[in-house]
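This report refers to the structure that appears directly beneath it.
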Amino acid sequence: MKLNRFKTGIMMLAIVPFFAFTLFAQDFGQINLAIKMGNAKELARQLDEVVEITILDKEASYSKAQAEMVLKDFFDSHKPESFEIIHKGSSNEGSKYGIGKLITDNGNFRTYVLAKQKGSVFLIQKISFEED
């Protein structure tokens with residue numbers, strides 16, 4: 001009986017991180033696509049209620065609705081041509097992050113996205129677009 005519980009415990013330890021990574025991968029895929037398409041409305045669906053946004057040298061915290069407007073303005077003046085995640089990882093606290101390269105018609109940007117798990121989904125806490 002103890003052996004069965006031990007096996008179940010080991011199995012759960014193997015499955016839970018995989019499940020959490022799979023959830024993040026799905027969300028990151030949506031984030032990736034939204035940035036690639038310059039779709040602020042879709043990207044806003046992935047935002048937490050308050051999000052920190054850095055665009056070039058301007059950094060501020062915005063509500064989800066305000067953040068959508070800020071992102072729309074950015075994408076309107078910098079129409080994406082391509083976006084690629086170069087690196088992704090996680091912190092010891094459970095946050096997930098992705099670093100990518102956004103190529104637009106008006107410059108290239110190093111893009112950083114930080115997300116934390118809220119319930120069963122990862123929501124963006126911070127997103128930045130810095131000139132590359």
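The values are calculated or read from the model by the stated rules, or taken from the named source; none is laboratory data. Just so we're clear, the structure is a prediction, and the values are computed from it rather than from any experiment. Cβ atoms come from the backbone with ideal geometry, glycine included; neighbour counts cover every protein chain shown.
Here are a few things to note about the model shown:
- Checklist (1) out of contact with any helix residue (DSSP H, G or I) (no Cβ under 6 Å at 6 or more places or on another chain); (2) touching a residue at least 40 places away in the same chain (Cβ under 8 Å) applied to ASN92, failing item: (2)
- Output for region 21-72, where each listed residue is of a type in the set (Gly, Ala, Ser), modelled with pLDDT of 95 or more and over 18 Å from GLY119 (Cα atoms): ALA34, GLY38, ALA40, ALA60, SER61, SER63, ALA65, ALA67
- The sole residue among PHE75, PHE83, PHE129 that is touching a helix residue (DSSP H, G or I) at 6+ places or on another chain (Cβ under 8 Å), modelled with pLDDT of 95 or more and under 16 Å from ASP57 (Cα atoms) is PHE129.
- The residues of region 65-85 that are over 15 Å from SER128 (Cα atoms), of a type in the set (Asp, Glu) and assigned to a helix (DSSP H, G or I) amount to a single one, ASP76.
- Total residues in region 25-64, condition assigned to a strand (DSSP E or B) and of a type in the set (S, T, N, Q): 3
- Restricting region 107-126 to residues that are within 21 Å of ALA60 (Cβ to Cβ) and over 13 Å from the mean Cα position of the chain (by Cα), the residue that is surrounded by the most Cβ atoms within 10 Å (Cβ to Cβ): PHE109
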